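Here is the structure we will look at, set down as structure tokens.
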2 protein chains.
Amino acid sequence: MSVPGVKLVTIGERLLVDNDRVAARNHRRLSEAGVLTVNIMAAPGAGKTSFIVRTLEALRGRARAGVIEGDIAGSIDAETVLAAGAHGAVQINTGGNCHLEADMVERALHDLDLDGLDVLFVENVGNLVCPTQWALGEHVKLCLVGAAEGDDKPVKYPPMFAASDAIVLNKTDLIDLVDFDRAFFTSSVRALNPAAPIFDVSCRSGAGIPVWADWLLAQRQGVSGRDSARLGMAPIGGT
Amino acid sequence: MSVPGVKLVTIGERLLVDNDRVAARNHRRLSEAGVLTVNIMAAPGAGKTSFIVRTLEALRGRARAGVIEGDIAGSIDAETVLAAGAHGAVQINTGGNCHLEADMVERALHDLDLDGLDVLFVENVGNLVCPTQWALGEHVKLCLVGAAEGDDKPVKYPPMFAASDAIVLNKTDLIDLVDFDRAFFTSSVRALNPAAPIFDVSCRSGAGIPVWADWLLAQRQGVSGRDSARLGMAPIGGT
């Protein structure tokens, strides 16, 4: 290529530094409002929206949750989560962009009533690679993987699993049908990430959702009100 | 962001133009050697490697196939396809890159004996977004989607389905377990792409692989020997 690789890296790094600055601003704003924010990252078809819907059901009467939906195109997910009881939902269409960036989330925050929320789910674009590098201002980076994708995803996409504060294995109802080696999956995750909790769920049956929802609400304790100043940009998941 | 969006687009376009130049060079080289080349694009866990393995089995004694494996990390896929009878395999590790680019394939071609091949499979990094824009020099762009990913993938990731010359629906053995609406899937694909054939396969059972393999070999007729000059960069799939 005639454009030297080094130059590209420099520009890429500058974009990431700019992104981190906006992400820090989002993080402060969300912490001050006491809104625990979860960046949900996964491959296409892992079940991100179904997972949010199930979690909204589990949080009903316990916490008010909003949703930011990131998609290449369409608004079907925002409609789905509103119907499932989200206290506000904003759809971001990224055009061709394969991941959300902090400034997109910043704009979306203008359209949400943060004082009316306890939790905010940000559904990233389906992609196990690029979202890893782009902080959004979240408190918890969550990686969702479907059992039908295979037990080798941590080996194939190590940065995503290393960077996550919580890992959710979805579609456990299919586990026996797809030769998924649960022990291999766990040991692969642990080689990359010793601390993050791994939640087994089935969004089809609802199995495992209560345990995850309890953990999520426990994380919220660290974000609300006056504690927020202590948080900085450090992720609170897994601690 | 302080870096104007316009500037980023310009650099991105320049990179794509450079990439297209290398892709055209790869395409000429592969056409002159009579090697039908298939760029296999899919989300993580759709079953790209299993699909290549099943196709290698179906081509045994009928065509000699090589494989270029693109992954963020690891070499397990190259070992797998060699064990399944590939006539040569090259592993590309992209580091953090979420898609293959033409110059990576150009380097990999140095390590393959093209005169000994009829077909070349290029397994892209698992990603339904970015690979769409990056031509590699292939004759056929193939999009593989697993039924467990849901019937809404064409709606969510339209550029990939619009750009493909052939679409493979894998994991059809799971179709009744995951509320996959086959008619909705087909109509969504057709709205984006009126011509590309859609192949239903199960890499678990092998169902549907012979039909796909016959189609693939028929495509090869257009690539071999003296006909190659007529091909240029036009995709031959779906014709």
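The values are calculated or read from the model by the stated rules, or taken from the named source; none is laboratory data. Please read all numbers here as calculations on a predicted model, not as lab measurements. Note that each Cβ is placed from the backbone with ideal geometry, even for glycine, and that neighbours are counted across all protein chains shown.
Here are a few things to note about the model shown:
- The range A:115-153, residues that are surrounded by fewer than 21 Cβ atoms within 10 Å (Cβ to Cβ) and closer than 29 Å to B:L174 by Cα: A:D152
- Those residues of the range B:115-144 which are under 20 Å from B:V81 (Cα atoms) and facing chain A (nearest Cβ under 8 Å), in sequence order: B:V125, B:G126
- If you check A:D173, A:D152, A:D181 for being within 11 Å of chain B (Cβ to nearest Cβ), more than 22 Å from A:C130 (Cβ to Cβ) and among the charged types (D, E, K, R), only one passes: A:D173.
- Of everything listed in (1) modelled with pLDDT under 95; (2) in a helix (DSSP H, G or I); (3) facing chain A (nearest Cβ under 10 Å), the single unmet condition for B:E79 is (3).
- Residue in the range A:91-114 that is within 10 Å of chain B (Cβ to nearest Cβ), polar (S, T, N, Q) and crowded, with 23+ Cβ neighbours inside 10 Å present: no
- Against the numbered list (1) away from every other protein chain (no Cβ under 14 Å); (2) within 17 Å of the chain's Cα centre (by Cα), B:P210 comes up short only at (2).
- Of all residues making up the range B:155-170, the number that are over 19 Å from B:A195 (Cβ atoms) and either in contact (Cβ under 8 Å) with a residue 40 or more places away in the chain or more than 7 Å from chain A (Cβ to nearest Cβ) (or both): 1
- Of all residues in the range A:23-46, those being buried (at least 20 other Cβ atoms within 10 Å of the Cβ) and more than 12 Å from the chain's Cα centre (by Cα) number 10.
- Search result, residues across the range A:31-49 that are within 12 Å of A:F121 (Cβ to Cβ) and in a helix (DSSP H, G or I): A:K48, A:T49
- Meets criteria (within 14 Å of chain A (Cβ to nearest Cβ) and outside any loop (DSSP other than H, G, I, E, B)) for B:T186: no
- Residues (at positive phi and surrounded by 20 or more Cβ atoms within 10 Å (Cβ to Cβ)) located in the range B:168-198: B:K171
- Residue list for the range A:48-88, restricted to those being without any contact (Cβ under 8 Å) to a residue 24 or more places away in the chain, of a type outside the set (V, I, T) and under 24 Å from A:P131 (Cα atoms): A:A73, A:G74, A:S75, A:A78, A:E79
- B:G74, sole failed condition from (1) modelled with pLDDT of 95 or more; (2) touching a strand residue (DSSP E or B) at 6+ places or on another chain (Cβ under 8 Å); (3) surrounded by fewer than 17 Cβ atoms within 10 Å (Cβ to Cβ): (1)
- Among the residues listed as B:R204, B:R220, B:R190, B:R182, the single one being more than 30 Å from A:C203 (Cα to Cα) and among the charged types (D, E, K, R): B:R220
- Verdict on A:A135 being modelled with pLDDT of 95 or more, of a type in the set (A, V, I, L, M, F, W, C), over 27 Å from B:P159 (Cα atoms) and part of a loop (DSSP other than H, G, I, E, B): no
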